[in-house]
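Read the figures in this text as sums done on the coordinates, not as results from a lab. Here the structure is a predicted model, which is why all the values come from computation and not from measurement. FYI the Cβ positions are ideal-geometry reconstructions off the backbone, even for glycines, and counts take in every protein chain you see.
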């Protein structure tokens with residue numbers, strides 16, 4: 001019997017393994033073939049923000065980008081968990097003007113920007129954050145755009161019974177090959193519905209997102225529009241400096257997309273023709289069971305996988321050293337241990 005969870009990452013201090021990050025990994029191609037697994041990949045997990053590239057598909061599928069004249073950069077932020085920089089806010093304000101929305105219509109709530117430099121600058125000028133600074137405001141703007149596009153009320157657009165949310169669920173269920181009634185629905189931190197499905201199906205959906213051959217023409221076009229936007233504007237997907245998603249997409253140079261979710265969830269999609277001897281698109285989905293609050297496990301997992309698969313080499317991974325397996329140093333610069341993957345490709 002397959003274990004539900006396996007050891008994915010070990011943190012070592014001196015001669016001892018001090019802590020272990022348990023979890024599960026699924027790597028699946030766009031034909032549904034499982035290429036690698038660790039743990040039980042039929043266990044259900046919430047995708048959290050890793051679902052965002054799927055949640056924007058109905059907007060694109062129904063011609064929303066053309067209807068509102070959205071730029072590629074603006075499409076990218078609908079897939080984002082952004083850091084709330086001034087560039088992100090300016091992009092959202094442009095979208096709201098085109099669509100005919102106001103910041104008060106966003107139901108995601110308000111928090112300070114994730115980017116520290118932006119926090120300091122706002123403090124200096126006495127600016128209080130509004131909903132544009134929320135890391136999910138791009139997704140919510142996309143949902144509001146779907147309301148306007150479909151002629152639906154913008155009130156309570158986050159309610160799971162709202163027509164926009166039903167459309168999103170239907171498209172998501174089709175992409176991941178799970179019946180709508182079998183998708184477990186919760187409420188995310190930003191008040192929008194969030195989906196739980198088997199890890200296997202999440203990875204399959206990501207593979208199809210990157211390689212949508214065989215899907216209806218309008219969904220194929222939407223998938224390519226979303227992934228292309230993420231690849232062209234990795235900064236919009238997250239933000240500056242220490243963002244795993246942004247750094248991975250930049251390192252991939254057109255080969256992959258990446259989208260993290262809260263509580264240790266991560267997806268990566270590899271475009272077709274990238275992996276040697278495997279022409280199909282490939283989806284990676286994994287869950288770190290403890291939630292990976294420090295963010296140290298997911299970087300080791302994803303960089304190990306991508307290097308093992310031949311997607312990224314050592315040179316391409318150099319800009320993201322902080323996310324790689326290797327030695328751990330204390331603030332005095334003394335090497336005190338290491339972090340390493342405990343699964344094998």
Would you kindly state how much longer the chain becomes between residue 102 and residue 242 on full extension, computed as 0.36 nm times their sequence separation minus their alpha carbon distance, in nm to one decimal?
-> 47.3 nm
Give me 323, 120 ranked fewest to most by other Cβ atoms within 10 Å of their Cβ, as a rough exposure proxy.
-> 120, 323
Distance between modelled label sites at residue 187 and residue 293, nm, 7 Å Cα→Cβ extension = 2.4 nm
Expected sort for 197-205, 245-253 on mean C-beta neighbours within 10 Å, highest first, is 197-205, 245-253
Nearest 10, in degrees from 0 to 90: the angle of helix 137-150 to the longest Cα principal axis of the chain is 40 degrees
Ranking 108, 147 by Cβ neighbours within 10 Å, fewest first, what do you get?
-> 147, 108
So how tilted is helix 163-176 from the main axis of the chain? Cα-based, degrees 0 to 90, rounded to 10.
-> 30 degrees
Give me the distance in nm between label points sitting 7 Å out from Cα along the Cα-to-Cβ direction at residue 218 and residue 12, one decimal.
-> 5.5 nm
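Taking the Cβ-Cβ separation of residue 20 and residue 123 as r and a Förster radius of 35 Å, what is the calculated FRET efficiency to the nearest 0.05?
Between residue 20 and residue 123 the formula returns 0.35.
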Taking the Cα atoms only, what angle lies between the long axis of helix 86-99 and the longest principal axis of the chain, rounded to 10 degrees?
-> 30 degrees
Pairwise label distance in nanometres, residue 170 with residue 315, each label 7 Å out on the Cα-Cβ vector | 4.9 nm
Using Cα pairs under 8 angstrom and six or more residues apart, how large is the relative contact order of the chain, in percent?
-> 24 percent
